[in-house]
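J.: Input: one structure, supplied below.
Derivation of every value follows stated rules applied to the coordinates shown; laboratory data play no part. Here the structure is a predicted model, which is why all the values come from computation and not from measurement. Cβ sites come from the backbone with ideal geometry, for glycine too, and all protein chains shown count toward neighbours.
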Amino acid sequence: MNPDLWLPDGDLDPAHREFAQRIRAFAADKLAPHARACDEQRTFRRAMVADLAAAGILGGPLPQQYGGSGWTTLQTAIAHEELGAACGNARGFCAVQTGLVAQCLARFGTDAQRARWLGPLVRGEAIGCFALTEPEAGSDVANLRTQAERQSDGGYRVRGQKHWITNGGIADVMILFATIDPSQGRAGITAFLVDTARPGLQRETMPGVELGHRGSDHAVLTFDGFPVAADEMLGAAGKGFGVAMGGLAAGRISVAAGACGIHRAALAAAVQFTTSRQQFGQPLAQFQMVQERLADMLTSLHASRGLVHRCARRRGDGSETHADVAMAKLYSTEAAARATEEAVMLHGARGYSSAFPVERLWRDIQALRIYEGTSLIQKTILARMLTAE
Ligand SMILES: Cc1cc2nc3c(=O)[nH]c(=O)nc-3n(C[C@H](O)[C@H](O)[C@H](O)COP(=O)(O)OP(=O)(O)OC[C@H]3O[C@@H](n4cnc5c(N)ncnc54)[C@H](O)[C@@H]3O)c2cc1C
């Protein structure tokens, strides 16, 4: 076993290496020991939020003036790989709480909105959700139907439904996307920042048993006359589509980094298993067909991480394009899906049981191929950029 081959440390300068090792130690101590139980019991572990806050992870990428640590995008990617390797639920929680909610609020919010919510979000005292997807508007979010009807006092009443909303059942604060004028298409979409403790909101757990991320909270939110005050907009009226895309551009790098974490965990498990399991008188890892699979898993991991770190660095220096993000998310999630599939098969029947970690990794990675823009949507973005005049 040579973990140096799959850990990112050798590619990082000393400061980033020390940073990765710090997050890795935290994840090994506070997250990994609970990952299997959370999945099997299908429970959101509230204590995890306090641990992430105490370690400075919830506020990591936020500017110090808001109680954050001012991580660069590269540091955020490094952290999300470490979280993803230990526990997909924790990584997914951070992606929404910090990536989609707190960072959007820091970027688009007013001073009053930031003062009210950023501190509680960073300290884990408040939980946030990002309510964009609807039953009839998934990939095609510009076609959302939830409507905010203007009232005589200048405020709004919201009617409609969102689903698959991570943290939706437990959130104290929500970024809610609704149209203030359906005839305007995406120019009618407006973002609101609202606390959830008010009438007109029904929250239900998503129906069915989910494939992965079973320790996460995913909800159906039904709005029926949900009141929103005039000063609760996030950004300007009709500019909500830009808020959503701004949040997702940052979020996709974190998803891509999280996929590297899952990929790495699958590779580590496969190496460990195939070097100890003996069949036909020798360890599985001595068969060439097994070696070929291990070698491919390692090579594609480095290709994924290279794309993710390149994208993070370009975001840091302002040169990032939509193509950088799309390639990083597309390649890393698909490569990790292939790696987890190989890891399951290399474990034989043991890969089929939760007694070993690889079946959970295989289940968890599927969601990363879907949310924040499916793999096919990333391909449409790239193809459109390639063929545009
Ligand atoms: C675990 C989990 C957590 C989530 N958390 C959140 C959250 O916190 N907030 C939130 O708002 N949403 C969340 N989502 C929703 C997620 O963002 C959507 O599921 C995703 O955008 C896809 O939408 P859809 O499921 O409606 O699929 P659809 O858009 O119906 O797509 C179905 C299939 O058609 C393909 N397709 C669609 N359009 C095209 C096209 N133009 N060209 C080619 N293929 C196409 C897709 O790639 C996909 O394969 C979550 C989803 C999951 C699974």
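J.: Would you mind working out the magnitude of the charge dipole of the chain relative to its Cα centre, with +1 at each Lys and Arg C-beta and -1 at each Asp and Glu C-beta, to the nearest 20 Debye?
T.: Charge dipole of the chain: 160 debye, to the nearest 20.
J.: Compare the Cα positions of T299, F19, V271 along the charge dipole of the chain (+1 at Cβ of Lys, Arg; -1 at Cβ of Asp, Glu; about the Cα centre) and return the one farthest towards the positive end.
T.: The listed residue farthest towards the positive side: V271.
J.: Among M245, C311, A335, pick out the residue whose Cα is farthest towards the positive end of the charge dipole of region 242-387, where Lys and Arg carry +1 and Asp and Glu carry -1 on C-beta, about the Cα centre.
T.: Ranked along the dipole, the leading option is M245.
J.: Would any residue of region 292-316 have its amide N under 14 Å from a label point 7 Å out along Cα→Cβ of M345? List them or say none.
T.: The answer is 292-297, whose backbone nitrogens lie closer than 14 Å to the label point.
J.: Taking the Cα centre of region 3-122 as origin and charging only Cβ (+1 Lys, Arg; -1 Asp, Glu), how large is the dipole, in debye to the nearest 20?
T.: Approximately 580 debye in magnitude.
J.: Cα centroid distance between region 56-86 and region 277-347, in Å?
T.: Using only Cα atoms to place each centre, the spacing works out to 23 Å.
J.: Another question, if that's okay. Cα axis of helix 288-317 to longest principal axis of the chain: angle in degrees, 0 to 90, nearest 10?
T.: 40 degrees
J.: Pairs of Cα atoms under 8 Å, at least six residues apart: use those to get the relative contact order of the chain, whole percent. Could the numbers behind the result be given before it?
T.: Details: 727 pairs, mean separation 65.4, N = 389.
Averaging sequence separation for qualifying contacts and normalising by length gives 17 percent for the chain.
J.: Once the other residues with Cβ under 12 Å from the Cβ of Q65 are scored (Lys, Arg +1; Asp, Glu -1), what is the net sum? Working shown, then result.
T.: Details: positive: R114; negative: D111.
Net charge in that neighbourhood comes out at 0.
J.: Scanning the chain for chymotrypsin sites (Phe, Trp or Tyr not before Pro) in DSSP loops with at most 14 other Cβ atoms within 10 Å, what's the longest stretch left with none?
T.: Details: sites that count: F280, F287.
Longest site-free region, per DSSP loop and neighbour criteria: 1-279.
J.: Trypsin sites (Lys or Arg not before Pro) within region 1-91: which are DSSP loop residues with at most 14 other Cβ atoms inside 10 Å?
T.: R42, R46
J.: Next question, about the same structure. Over all distinct Cα pairs, what is the inverse of the mean 1/r for region 242-387, reported as the Kirkwood hydrodynamic radius in Å?
T.: With all distinct Cα pairs of region 242-387 included, I get 16.0 Å.
J.: Report the GluC sites (Glu not before Pro) located in region 77-174 that are in a DSSP loop and have at most 16 other Cβ atoms inside 10 Å of their Cβ, or state none.
T.: E125, E136
J.: Could I ask something else about it? In region 147-243, what % of DSSP beta bridges are antiparallel (nearest 5)?
T.: Taking every DSSP beta bridge within region 147-243, about 95 percent pair in antiparallel fashion.
J.: Using the Cα gyration tensor of region 72-154, with a ≥ b ≥ c the square roots of its eigenvalues, what is the shape: rounded (a/c below 1.5), prolate (a/b larger than b/c) or oblate (neither)?
T.: On the way: a/c = 2.45, a/b = 1.39, b/c = 1.76.
It is oblate, given that a/c is not under 1.5 and a/b is not larger than b/c.
J.: Toward the positive end of the charge dipole of the chain, about the Cα centre and with charges on Cβ (Lys, Arg +1; Asp, Glu -1), which of I127, Y352, A32 goes farthest?
T.: It is Y352.
J.: Moving on to the next point. From the C-alpha gyration tensor of region 292-334, pull out the three semi-axes of the equivalent ellipsoid (sqrt of 5λ each), sorted largest to smallest, in whole Å.
T.: 23, 10, 5
J.: Send over the per residue convex hull volume for region 252-318, Cα only, as a whole number of Å³.
T.: 64 Å³
J.: Can you pull a Stokes-Einstein diffusion coefficient for the chain at 10 °C (1.306 mPa s), Rh from Kirkwood over Cα pairs, as a whole number of µm²/s?
T.: D = 74 µm²/s.
J.: Calculate the dipole size of region 242-387 relative to its Cα centre from +1 charges on Lys and Arg beta carbons and -1 charges on Asp and Glu beta carbons; express the result in debye to the nearest 20.
T.: Values: 17 positive and 11 negative charges, 33 e Å.
I would put it at about 160 debye.
J.: For region 3-122, what class follows from the C-alpha gyration tensor (a ≥ b ≥ c being the square roots of its eigenvalues): rounded when a/c is under 1.5, otherwise prolate if a/b is larger than b/c, else oblate?
T.: Verdict is oblate for region 3-122.
J.: What residues qualify as long-range amide H neighbours of T166, i.e. H under 5 Å apart, gap of 5 or more or another chain, H built at 1.01 Å from N?
T.: Distant-sequence amide H within range of T166: F130, A219.
J.: Also, quick follow-up: With a ≥ b ≥ c the root eigenvalues of the C-alpha gyration tensor of region 207-260, is it rounded (a/c under 1.5), prolate (a/b larger than b/c) or oblate?
T.: Oblate, because a/c is 1.5 or more while a/b does not exceed b/c.
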